[in-house]
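The structure appears below as structure tokens.
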Amino acid sequence: MHKLDETKLKLLALETLRALRQRYQLKELAERLGIQVSVLSRYVHGKVMPTRERAMAIIEVARRDYFPQFFESLLRRTPEGLYDLSQILQDQRILRTIGLYTSLLFSGSAVEKVLTVATDGVPLAVHVATELGAQLVIAKPVKDPVYTDFVEERIVRSPPVVEYIYLPKRTIRRSERVLIVDDFVRSGKTVEALLRFVERFGAEPVGVFAVAVLDETARALREKFSGITFECLVSLPQP
């Protein structure tokens with residue numbers, strides 16, 4: 001992470017502990033973090049804030065030892081073998097935690113726009129944009145009647161199904177720094193379409209963030225767009 005805002009760092013540590021308390025015992029967390037249970041309890045209940053150093057230690061341990069298992073535990077597999085993220089995307093506390101985490105990951109990137117597509121991941125993008133102090137831009141599958149001029153991108157899925165998404169012209173300005181946010185990256189085709197939007201507007205993509213991504217897709221995207229930072233909370237095998 002880059003140099004972090006101290007208040008945001010401490011808030012993320014507290015929100016992370018509260019989220020993890022949904023699954024892990026306070027004693028286990030205290031032992032793993034090397035913090036007394038009584039002190040950890042005061043953090044969780046908001047009675048005292050951790051120091052900057054302790055907040056960073058909490059976040060690092062959570063990122064390394066807890067986040068992948070924690071977020072994967074909130075995923076459900078449907079009878080068709082698909083992944084369901086609704087337990088994450090409908091929990092405002094978890095979304096706030098992810099928003100804070102993402103804003104710190106990209107704190108040194110001077111993000112001006114957060115770009116997403118009109119799906120279940122919009123609430124996540126709202127939290128990320130809020131924490132970054134950036135404007136939210138949503139690509140939609142229909143043309144908003146408020147606008148007259150649009151930029152169009154085509155997404156060809158497999159088996160051959162063609163979808164279109166649209167952004168009003170001048171939604172993103174030349175040289176603006178854009179972070180792409182998605183909830184679940186399956187094939188990567190939506191992310192690629194959003195990256196094409198950024199290129200066509202003459203803007204600068206600073207990274208892509210997703211809650212979950214399929215392993216093969218992550219590898220393919222990193223190879224194809226080697227200059228862009230890709231971050232996720234959970235990497236998953238192909239269903």
Q.
List the helices (runs of 4 or more DSSP H) inside the stretch 50-109, counting only whole elements, that have at least 3 residues being in contact (Cβ under 8 Å) with a residue 40 or more places away in the chain and within 17 Å of Leu124 (Cβ to Cβ).
A. 67-73, 92-105
Q: Could you tell me which of the residues Leu40, Leu17 is modelled with pLDDT of 90 or more, hydrophobic (A, V, I, L, M, F, W, C) and under 18 Å from Arg93 (Cα atoms)?
A: Leu17
**Q.** Top-ranked residue in the stretch 65-89 [being at pLDDT 90 or above and aliphatic (A, V, I, L, M); ranked as nearest to Leu33 (Cα to Cα)]
**A.** Leu74
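Rundown of residues vs (1) outside the structural domain of Val211 (by TED's automatic domain parsing); (2) over 16 Å from Ile98 (Cα atoms); (3) among the β-branched types (Val, Ile, Thr); (4) within 24 Å of the chain's Cα centre (by Cα), yes/no style:
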residue	(1), (2), (3), (4)
Arg21	yes, no, no, yes
Gln25	yes, yes, no, no
Glu31	yes, yes, no, no
Arg42	yes, yes, no, no
Thr51	yes, yes, yes, no
Ala55	yes, no, no, yes
Val61	yes, no, yes, yes
Phe67	yes, no, no, yes
Q.
When you check Leu75 against the structure, is it buried (at least 17 other Cβ atoms within 10 Å of the Cβ) and closer than 25 Å to Ser235 by Cα, yes or no?
A. yes
Q: Report whether or not Tyr164 is in a loop (DSSP other than H, G, I, E, B), over 26 Å from Ser103 (Cβ atoms), touching a Pro at 6+ places or on another chain (Cβ under 8 Å) and among the hydroxyl-bearing types (Ser, Thr, Tyr).
A: no
**Q.** Near pairs, Cβ below 6 angstrom, 6+ apart or cross-chain, from the stretch 126-151 (part of a loop (DSSP other than H, G, I, E, B)) to any residue that is of a type outside the set (Lys, Arg)
**A.** Ala134/Val111; Ala134/Glu112; Ala134/Val114; Pro141/Ile165; Lys143/Phe150; Lys143/Tyr166; Tyr147/Pro168
Q: Report the residue count in the stretch 103-126 for those that are over 24 Å from Glu163 (Cβ atoms), crowded, with 22+ Cβ neighbours inside 10 Å and modelled with pLDDT of 95 or more.
A: 1
Q: Identify, from the list Ile138, Ile228, Ile172, Ile165, the residue that is surrounded by fewer than 20 Cβ atoms within 10 Å (Cβ to Cβ), modelled with pLDDT of 95 or more and more than 26 Å from Arg76 (Cα to Cα).
A: Ile138
Q) Among the residues of the stretch 205-222, is there at least one that is closer than 20 Å to Val126 by Cβ and not in a strand (DSSP E or B)? A) no
Q: Residue by residue through the stretch 8-26, note down the ones that are of a type outside the set (A, V, I, L, M, F, W, C), surrounded by fewer than 18 Cβ atoms within 10 Å (Cβ to Cβ) and closer than 22 Å to Leu74 by Cβ.
A: Arg18, Arg21, Gln22, Arg23, Tyr24, Gln25
(Q) I need every pair where a residue in the stretch 195-208 that is under 11 Å from Arg177 (Cα atoms) has its Cβ under 7 Å from the Cβ of a residue that is at pLDDT 95 or above and of a type in the set (Gly, Ala, Ser), sequence separation at least 6 or different chains. (A) Gly202/Ser175; Ala203/Ser175; Glu204/Ser175
Q. Which one of the conditions (1) out of contact with any strand residue (DSSP E or B) (no Cβ under 9 Å at 6 or more places or on another chain); (2) assigned to a strand (DSSP E or B) does Gly202 fail to meet, given that it meets all the rest?
A. (2)
Q. Are any residues in the stretch 110-152 within 15 Å of the chain's Cα centre (by Cα), of a type in the set (D, E, K, R) and farther than 15 Å from Phe201 by Cα, and if so, which ones?
A. Asp120, Glu131
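The values are calculated or read from the model by the stated rules, or taken from the named source; none is laboratory data. The structure displayed is predicted, hence computed values, not measured ones. Cβ coordinates were reconstructed from backbone atoms using ideal geometry, including for glycine residues, and neighbour counts include every protein chain displayed.
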